[in-house]
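K.L.:
A single structure is presented below for examination.
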């Protein structure tokens, strides 16, 4: 009866371990896929924004070079007075630098050359769009969250290979059809020692103790025999 109860408890523990393993593997797979998907989308958006900024910079350089050709052709080195406008809202005459509503060549060849030099020497345009910093921050958060670290650590600790995942799928199917205990082993489960194991240990200890007692008795018998033999021998006579 006790053996049947221990076996039933062992089967219940095994089933609990299998259920836990299925839930953990399902969570890890889902979390890993979700994290990978979000990361891939953010990286794709980051590449698209940076490519757009690069194209805008290249277009700006091409526009400035055309304006430089015009300014060189007309001999305009310094900014033209036409780019300065009066601001009547101030109540007095005030000069404002305005380049939005006038041709770029009026900036003069010197200013145009400097702008072209700066733009051509630029290696990235992240500061031109705040969306870049937002995406980078989201990626840093995604890569540094405790959940993400836990997924990576557990993913390394648990063998999420093809065989393991296949066993998980088989376990789910067996649970759905209530097929009972699986014939394959998903993981090693420590089993409590059976009463027979304890009896073996007891027998071994008894044999050791019995050998020790027999050896002690033999030693006593040999010692007593030696004393008796020594007492029976004639003592040598002393010279007069």
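K.L.:
Order the peptides 59-71, 130-142 from the highest to the lowest mean number of other Cβ atoms within 10 Å of their residues.
P.N.:
My ranking of the peptides, most packed first, is 59-71, 130-142.
K.L.:
Whole angstrom only: what separates the Cα centroid of segment 212-231 from the Cα centroid of segment 113-134?
P.N.:
Their Cα centres are 103 Å away from one another.
K.L.:
Full extension from residue 74 to residue 203: what is 0.36 nm times the residue separation minus their Cα-Cα distance, to one decimal in nm?
P.N.:
That pair, residue 74 and residue 203, stretches by 35.1 nm at full extension.
K.L.:
Further question on the same structure: Pull out the extension gain between residue 51 and residue 134, defined as 0.36 nm times the separation in residues minus the alpha carbon to alpha carbon distance; nm, one decimal. Spell out each step's value before the answer.
P.N.:
On the way: separation 83, 0.36 × 83 = 29.88 nm, distance 1.62 nm.
Stretched fully, the residue 51-residue 134 segment lengthens by 28.3 nm.
Just so you know, all these numbers are worked out from the coordinates, no wet-lab data involved. Computed from a prediction, not measured in an experiment: that's the story for all the values here. Note: ideal-geometry Cβ built from the backbone for every residue, glycine included; neighbour counts use all protein chains shown.
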